[in-house]
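Structure record follows, encoded as structure tokens.
The values are calculated or read from the model by the stated rules, or taken from the named source; none is laboratory data. Just so it is clear, the model here is predicted, and its values are computed rather than measured. Here the Cβ is made from the backbone with ideal geometry for all residues, glycine too, and neighbour counts use every protein chain on show.
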Amino acid sequence: MADICCSIVLFHNDPEELRLAVNSFMRSALDIKLYLVDNSEDDTLRYEFDSPRIEYIFSGKNIGYGAGHNLAIDKSRRESKYHLVLNPDIEFDPEVLDSLIKFMDHNADVGLVMPKVLYRSGDIQYLCKRLPAPTDLFLRRFIPGRIKFLFKEILETYELKFKDYDSVMEVPNLSGCFMFIRTDVFEQVGAFDEQYFLYLEDTDLCRRINESYRTVYYPKVSIVHGYKKGSYKSLKLMGYHLRSSIRYFNKWGWFDDKSRMHINRSLVEKTQPRQGLSHFIIPA
């Protein structure tokens, strides 16, 4: 059994940018396997990455982000202890994987972990979030930038900027750009919900994992994320985001989501770990 499998979903990607992500994973000395799931209409990337540790899966059409990853997850859950959901615009050093595996091995109640995420400039990306309410997504997507300062406190609270981003902490909503997941989790909570074509599938999965395991931000190691924010620049992508938002709130609740309210309130009030759970073990 491999130490870790990884999946990257492709759609007309820049081969050179993708190569940075592939090489970041493949440099590891661990027993690894990489799945490249290509949702493009042609398979031009099939022969770009030739290795016995890489499996190319060509879907032949854009089946969606979560559905693409599910093709790999369905295989990796039988082949490895951990699975990494990885965006194609990520770079990291090999020791990142070693550190995350050690952390997960020492904390059996953690189902998902995300490292510190940086821009290429070295600035931190605030990708730890509370569970979204309709107002959160509306303010982030539809309020013009020139007046967003009026809602600064709400927006910064959503990104948990009042938290210490240099400390290990449990977070209910972690970014899908780098999701390091215990494969046993998939047997209990399932993989990505394929009703989301693009956007919020990571929030939905993280929330389901957090119902049974701890979902953790682990800043002892860091990665670099290109982070294009496509839905801010493309009306088509914004449309995908809007449809996914409607599906998310139809599933979990719009303004009457009591579980969301309780979890988000605990992020502000909680100073101790969840009842019945120990503090995190941080391996040397």
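Checking the conditions here, which among Phe25, Phe49 is farther than 26 Å from Arg243 by Cα, touching a residue at least 24 places away in the same chain (Cβ under 8 Å) and assigned to a loop (DSSP other than H, G, I, E, B)?
Numbers: Phe25 fails: assigned to a loop (DSSP other than H, G, I, E, B).
Answer to the selection: Phe49.
Which of the residues belonging to region 184-194 are in a loop (DSSP other than H, G, I, E, B), crowded, with 17+ Cβ neighbours inside 10 Å and either more than 17 Å from the chain's Cα centre (by Cα) or not aliphatic (A, V, I, L, M) (or both)?
If the condition is that a residue be in a loop (DSSP other than H, G, I, E, B), crowded, with 17+ Cβ neighbours inside 10 Å and either more than 17 Å from the chain's Cα centre (by Cα) or not aliphatic (A, V, I, L, M) (or both), then Phe192, Asp193 are the ones that fit.
Report, by residue number, each residue of region 34-51 that is closer than 19 Å to Ala2 by Cβ and either touching a helix residue (DSSP H, G or I) at 6+ places or on another chain (Cβ under 6 Å) or at pLDDT 95 or above (or both).
Selection gives Leu34, Tyr35, Leu36, Val37, Phe49.
Please go through (1) under 25 Å from Tyr119 (Cβ atoms); (2) at pLDDT 95 or above for Met261 and return the number of the only condition it doesn't satisfy.
(1)
Checking Gly239 against (1) surrounded by fewer than 19 Cβ atoms within 10 Å (Cβ to Cβ); (2) in a helix (DSSP H, G or I); (3) at pLDDT 95 or above; (4) of a type in the set (Gly, Ala, Ser), which single condition isn't satisfied?
The number of the failed condition is (3).
Quick check on this structure: which one of Asp93, Asp43 is touching a Lys or Arg at 6+ places or on another chain (Cβ under 9 Å), over 24 Å from Asp184 (Cβ atoms), in contact (Cβ under 8 Å) with a residue 12 or more places away in the chain and surrounded by fewer than 20 Cβ atoms within 10 Å (Cβ to Cβ)?
After ruling out the rest, the residue left standing is Asp93.
Scan region 245-261 and report the pairs whose first residue is on the phi > 0 side of the Ramachandran plot and whose second residue is modelled with pLDDT of 95 or more and among the aliphatic types (A, V, I, L, M), with Cβ atoms within less than 8 Å and a gap of 6+ or a chain change.
none
With respect to Ile181, determine if the residue is surrounded by fewer than 17 Cβ atoms within 10 Å (Cβ to Cβ) and either among the β-branched types (Val, Ile, Thr) or not in a loop (DSSP other than H, G, I, E, B) (or both). Don't jump to the end; show me each part of the working.
Details: surrounded by fewer than 17 Cβ atoms within 10 Å (Cβ to Cβ): no; either among the β-branched types (Val, Ile, Thr) or not in a loop (DSSP other than H, G, I, E, B) (or both): yes.
No: the conditions fail for Ile181.
Quick check: anything in region 153-169 within 19 Å of the chain's Cα centre (by Cα), exposed (fewer than 12 other Cβ atoms within 10 Å of the Cβ) and either at pLDDT below 90 or within 27 Å of Phe280 (Cα to Cα) (or both)?
Yes; the residues of region 153-169 include at least one that is within 19 Å of the chain's Cα centre (by Cα), exposed (fewer than 12 other Cβ atoms within 10 Å of the Cβ) and either at pLDDT below 90 or within 27 Å of Phe280 (Cα to Cα) (or both).
Wholly within region 89-175, which helices (runs of 4 or more DSSP H) include no fewer than the required count, namely at least 1 residues that are under 28 Å from Asp14 (Cβ atoms) and either in contact with a helix residue (DSSP H, G or I) (Cβ under 6 Å, 6 or more places away or on another chain) or of a type outside the set (A, V, I, L, M, F, W, C) (or both)?
Values: elements: 95-106, 134-142, 152-158.
Answer list for region 89-175: 95-106, 134-142.
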